[in-house]
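S.K.: Got a structure here, written out as structure tokens. Questions coming.
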Amino acid sequence: MHKFIKLTVAVVSLAALSACSTQTARNLISFEPDKNYEDMYLRGVFNWWEASDQFKFTRVRPEFYTITIELIADGQPYDFKVANASWSPEFNCGFEYSPRRVELYDAVELVCEQTSQNIQFVPADTGLFTFEFDISDNNEPELTITKADN
């Protein structure tokens, strides 16, 4: 009888631990729906931070948006963000902690939240630049700036 009680206590303990770990695992999984990035703009000093049609991203593949603009190389950084027309917190995309420069051809991860910080870019040459907004990982989009064919 004594062995039966120990075995019962062990089974009940395992069941309780299993339930706790399952609950913890459920809490770690995000059930946030995918964001819809169709209404996104390049907003910065070059367009007075406005959401104008000429600075709206165009979808070129299901998870890939681009826009090409001309930038002048004067040694000064261009401050900008990727955001929707109404500056919604969940669509206000920039860097997480502080403004930061992005280099040509480097993919950088953006955070999309109310407190996101500016992105900065200093072109080495005057010309056309393509801003590529990749939402393959819907909750952690990436931005890459490339030199466009002039």
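S.K.: Taking 0.36 nm per residue of separation and subtracting the Cα-Cα distance, what length does fully extending residue 38 through residue 114 add?
M.R.: Taking residue 38 through residue 114 to full extension adds about 25.5 nm, to one decimal.
S.K.: Using r as the Cβ-Cβ distance of residue 125 and residue 47, and R0 as 25 Å, what FRET efficiency do you calculate, to the nearest 0.05?
M.R.: 0.75
S.K.: Taking 22 Å as R0, compute the FRET efficiency from the Cβ-Cβ separation of residue 106 and residue 85 and round it to 0.05.
M.R.: Using R0 = 22 Å, I get an efficiency of 0.20.
S.K.: Take the Cα coordinates of the stretch 32-150, assign each an equal point scatterer, and use the Debye formula without solvent to give log10 I(q)/I(0) at q = 0.14 Å⁻¹.
M.R.: Cα-only, vacuum Debye calculation for the stretch 32-150: -0.51.
S.K.: Report the label-to-label distance for residue 54 and residue 137 in nanometres (one decimal), using points 7 Å from each Cα along the Cα→Cβ vector.
M.R.: Inter-label distance under the simple model: 3.5 nm.
S.K.: Right, something else. Using only alpha-carbon positions, what ratio does the radius of gyration of the stretch 105-150 give when scaled by 2.2 N^0.38 Å?
M.R.: 1.29
S.K.: Per residue, how much accessible area does the stretch 49-100 show when a 1.4 Å probe rolls over the protein heavy atoms, in square angstrom?
M.R.: Result: 58 Å² per residue.
S.K.: Also, I was wondering about something else. Around residue 106, what is the net charge, scoring Lys/Arg as +1 and Asp/Glu as -1 over all other residues with Cβ under 12 Å from its Cβ?
M.R.: Charge balance near residue 106 sits at -2.
The values are calculated or read from the model by the stated rules, or taken from the named source; none is laboratory data. Here the structure is a predicted model, which is why all the values come from computation and not from measurement. FYI the Cβ positions are ideal-geometry reconstructions off the backbone, even for glycines, and counts take in every protein chain you see. Please note that ligands, DNA and RNA were not included when accessible areas were found on the heavy atoms of the full protein model with its side chains. Shrake-Rupley method; radii C 1.70, N 1.55, O 1.52, S 1.80 Å.
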